[in-house]
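Shown next, in structure tokens, is the structure this report addresses.
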Amino acid sequence: MASLTSAERLSQAKTVVLKIGSALLVDPETREPRLQWLEGLARDVAELRRQGRNVVIVSSGSISLGRSVLRLPEGPLALEKSQAAAAVGQIKLARAYEMVLAPFGIVTAQVLVTLEDSEARRRYLNSRRTLETLLELGTVPIVNENDTVATDEIRYGDNDRLAAQVASMAGADILVLLSDVDGFYSANPKADPTAKRYGTIEEITPEIEAMAGGPGSNYSSGGMATKVMAARIATRAGCSMAICEGAVERPVSALLNGAACTWFEAVGDPHVARKRWITGMKPRGRIMVDSGAVSALASGKSLLSAGVTEVIGSFSRGDPIDIVDGTGTVIARALAGYGAVDARKIMGHRSSRIPELLGFQGRAEVIHRNDMVMQLGVRT
């Protein structure tokens, strides 16, 4: 994709993640949302949606907005005060996005996550499925770190890396970091007028990492170093990432029209990257299926409980397992939608009976089609 323009890249994308920092969203004088800028962003989001793109917004700003409402002093806050500010500010943040996107008929959704939600496989699957469903329903999810409950050991700490994890989770093709600079430079361009901007970075080398500087704004916890870390996460997940100037009135339109930026090239595409990840894991159990399920899976469908004939081993939801046919041949590797105990309770039964058998409203699929890689063809 090195020869493609920004417009060409975005035209080929199915899902785009936009990362908005506090410095762009919050007016430093009034500590209120910059509604004029947000309205321009909303027009950009509406245009992407009109073109058939899914859009996810990862937005900072809750603590900054909340500390203003609570009249907390400038400077570092104790953890409990940061969490209190986030609780108040998140309402204001969500309301601002809802207000600017509603005139375009766009429904917004609020999604709050912590580092554990992307590192623990079960919680990762739950978060991924929620994002997929929200996008299928036509919403624009507004994602932020759940600062109200996050402590240091379960924090991302900056929304650049959070955005990269969300892009991976959502299977996004493009991640755009709207920044206070128009790309990645060999040195800080505000301090060094000879600094060179890179148009494309195909590989994140130690030299590239060494060029990254520290935080560039009093109102943002992220700097170029965290952006490079985000690029490493995103590109390994098959998602290209752009750093571009975000302070202009319609930043995505500016990017589409050729504004300066830096693109970090994806390694493959998100679907191939995810399949490689699933295939490379060691299975912790097996699910045997009947011939009808084999045919359904071969046609791209999910595995339903009615087609399961045997559950072998001990595994939890989200663990890697093999799906085998009646001869013991592996037909897919997958991430379990149910743990072994619950899978045994519902195997052979129609999905409509799952609430009765489990005592709660479980998912219809034992394994979702997006969580399996077909035709490994290994005899067990």
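Where a number appears in this text, it was derived from the coordinates with a stated rule and is not lab data. Values in this document were obtained by computation on a predicted structure and should not be read as measured data. Here Cβ is always computed from backbone atoms with ideal geometry, including for glycine, and neighbour counts include all displayed protein chains.
Observations on the structure shown:
- Expressed to the nearest 5 percent, the antiparallel share of DSSP beta bridges inside the chain is 45 percent.
- Choice from V166, V289, V56 with maximal GNM fluctuation in the chain (Cα, 10 Å cutoff): V289
- Residues L70 and S11, FRET efficiency given R0 of 56 Å [Cβ-Cβ distance, rounded to 0.05]: 0.80
- Simple Cβ-charge dipole of the range 6-274, Lys/Arg +1 and Asp/Glu -1, about Cα centre, in debye nearest 20: 540 debye
- The radius of gyration of the Cα set in the range 199-317, together with its Dmax, comes out at 21.7, 61 angstrom.
- Rg in Å to one decimal, and Dmax rounded to a whole Å, for the range 1-147 via C-alpha atoms: 16.4, 50
- For the range 6-274, the gyration tensor built on C-alpha atoms gives a rounded shape. Its axis ratio a/c (a ≥ b ≥ c) stays under 1.5.
- The angle separating the long axis of helix 224-236 from the principal Cα axis of greatest extent in the chain is about 30 degrees.
- Cα pair distances of the range 48-132 binned at 10 Å [whole percent]: 15, 35, 34, 15, 1
- Reachable aspartates and glutamates, given that their alpha-carbon falls under 13 Å from the alpha-carbon of K196 and they are not under 8 places away in the same chain: D182
- Sorting D173, D180 by the number of Cβ atoms found within 10 Å of their own Cβ, with the fewest placed first, yields D180, D173.
- Counting all C-alpha pairs of the range 259-322, share separated by more than 15 Å (%): 67 percent
- Average projection area in nm² (convex hull over Cα atoms of the range 232-297, one quarter of hull surface): 7.8 nm²
- In summary, the lysines within cross-link reach of K19, defined as a Cα separation below 23 angstrom excluding same-chain residues under 8 places away, comprise K92, K190, K227.
- Between helix 35-50 and the chain there is an angle of about 40 degrees, using the helix long axis and the longest principal axis of the Cα atoms.
- Straight Cα distances below 25 angstrom link K301 to the lysines K14, K275, K282, K345, with same-chain residues fewer than 8 positions distant left out.
- A prolate overall shape is assigned to the range 280-379, the ratio a/c of its alpha-carbon gyration tensor axes (a ≥ b ≥ c) being 1.5 or greater and a/b exceeding b/c.
- Top of K81, K92, K190 by mean-square fluctuation, Gaussian network on the chain, Cα under 10 Å: K190
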